[in-house]
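Just below is one structure, and these are the notes that go with it.
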Amino acid sequence: MELNYNTIPIVALIECQEYPQVQEENDEQLLTSMMQLCEGHILNAVFLIGDCFQGDWCENSLHYLCRQRRVFQGNNLYSKGASYSMREKLLQSEIGRDYVFLGKDKLKSNVGMQVIREGEETYQVLLDAGENWYDAGKKIDFMLEGGNVIPLQITSLQQGTSKTADFILSGLPMRPKKTTRIHMEIHLQSESILQIKAVDMGFGELFPSSKQEWTEEIALQ
């Protein structure tokens, strides 16, 4: 896990590697792989998860890993992680506000749009990077200032880039400004594909809904 201190919030990137050369319960092979992994890197903590680490077969590897590092071992790390995750969702900690973790299955981009609220332009968050992509979603109602385009701002925390994706409501009835209410639903089809649905809600009895719907898929990267 590497930290990028040039972003706000600080991005923690998680890299996965496989070591097929390490055979089960082979202390020498595990030690060699761990030495290669640690060379040139500062590793503060190591988590050993799985039944394969039970017993004393990896004594030399453990002796090496425990030098100036904290080493955690045990299958209860999954349940502890789930508990910490739920606590973070209910009551976000300071470190949760300052850091975002972009590992496997995590949304790696912020998605939002500029809106006018109480006469002032502001940024409306739709999706936050760091969420599990399969849990991320948003429903929102808003008035169109005019036209038939909804510009979405997509900011990649992994690449440090930002782009605007236009969601065009083709065939939307022409109405005066601020007389078209849109209901929009947004969620992810995959880690990198955004799906959007919009419905024309009209403007009360003055401008009834056309009942039109629009859907579109947008690539986040």
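The values are calculated or read from the model by the stated rules, or taken from the named source; none is laboratory data. If you're wondering where the values come from, they're calculated on a predicted model, not measured in any experiment. We place every Cβ from the backbone using ideal geometry, glycine too, and count neighbours over all the protein chains shown. The accessibility values were calculated without ligands, DNA or RNA, using every heavy atom of the protein model including side chains. Shrake-Rupley method; radii C 1.70, N 1.55, O 1.52, S 1.80 Å.
Run the dipole for region 1-124 about the Cα centre, Lys and Arg Cβ at +1, Asp and Glu Cβ at -1, nothing else charged, and hand back the magnitude in debye, nearest 20.
Here the size comes out at about 480 debye.
For region 82-137, treating each Cα as an identical point scatterer without solvent, what Debye log10 I(q)/I(0) comes out at q = 0.13, 0.17, 0.28 1/Å?
-0.42, -0.67, -1.16
Using a 7 Å offset from the Cα along the Cα-to-Cβ direction at both F101 and T161, what is the distance between the two label points in nm, to one decimal?
Result for the modelled spin labels: 2.8 nm.
With only Lys, Arg, Asp and Glu charged, each at its Cβ (+1 for the first two, -1 for the last two), find how big the charge dipole of region 89-213 is about the Cα centre; round to the nearest 20 debye.
Dipole size: approximately 180 debye.
Rolling a 1.4 Å sphere over the protein heavy atoms, what is the accessible area per residue of region 74-137, to the nearest Å²? Let's see the in-between values first.
Numbers: 4350 Å² over 64 residues.
On a per-residue basis, region 74-137 sits at 68 Å².
Roughly how tilted is helix 77-90, in degrees to the nearest 10 and between 0 and 90, from the longest Cα axis of the chain?
Approximately 30 degrees, to the nearest ten.
Measure of size requested: the Rg and Dmax of region 137-198, with Cα atoms as the atom set and Å as the unit; please supply both.
Expressed in Å, the Cα Rg and Dmax of region 137-198 come to 13.4, 41.
For the chain, go through all pairs of different Cα atoms, get the mean of 1/r, take its inverse, and jot down that Kirkwood value in Å. Walk me through the numbers on the way to the answer.
Details: mean 1/r = 0.0472 Å⁻¹.
One decimal place: 21.2 Å for the Kirkwood radius.
Could you tell me which of C52, S33, Q195 has its Cα farthest along the dipole of the chain towards the positive end, charges placed at Cβ (Lys, Arg +1; Asp, Glu -1), taken about the Cα centre?
Q195
Positive end of the charge dipole of the chain (Lys, Arg +1 and Asp, Glu -1 on Cβ, about the Cα centre): tell me which of F72, L43, M1 has its Cα farthest that way.
About the Cα centre, the residue reaching furthest to the positive side is M1.
At a Cα cut-off below 24 Å, give the lysines reachable from K104, other chains included and same-chain residues fewer than 8 away excluded.
Here the lysines satisfying the reach criterion relative to K104 are K80, K89, K138, K163.
Return, ordered by residue number, the residues of region 9-28 whose backbone nitrogen is under 13 Å from a label point located 7 Å along Cα→Cβ of E191.
13-17
What is the percent carbon and sulfur in the accessible area of the chain, measuring with a 1.4 Å probe over the protein chains and ignoring ligands? Write down the numbers at each step before the final one.
Numbers: 7470 of 14790 Å².
Carbon-and-sulfur percentage of accessible area, whole number: 51.
By how many nm would the segment from K138 to Q212 lengthen if fully extended, with 0.36 nm per residue of separation less the alpha-carbon distance?
On the way: separation 74, 0.36 × 74 = 26.64 nm, distance 1.98 nm.
Difference between extended and current length: 24.7 nm.
Work out, step by step, the length gained on full extension between D56 and R69: first 0.36 nm times the residue separation, then minus their alpha carbon distance; give nm to one decimal.
2.8 nm
Placing +1 at every Lys and Arg Cβ and -1 at every Asp and Glu Cβ, with all other atoms neutral, what dipole size does the chain have around its Cα centre, in debye to the nearest 20? Before the final figure, lay out each step's value.
On the way: 20 positive and 31 negative charges, 190 e Å.
Approximately 920 debye in magnitude.
Over region 1-122, what is the percentage of antiparallel beta bridges among all DSSP beta bridges, to the nearest 5?
Numbers: 6 of 14 bridges.
Bridges in region 1-122 that DSSP calls antiparallel: roughly 45 percent.
Residues in region 149-172, backbone N under 16 Å from the label point at R117 (7 Å along the Cα-to-beta-carbon vector): list them, ranges by number please.
It comes to 153, nothing else.
Specify the angular offset, from 0 to 90 degrees and rounded to the nearest 10, of the alpha carbon long axis of helix 27-38 from the longest principal axis of the alpha carbons in the chain.
So the inclination is approximately 50 degrees.
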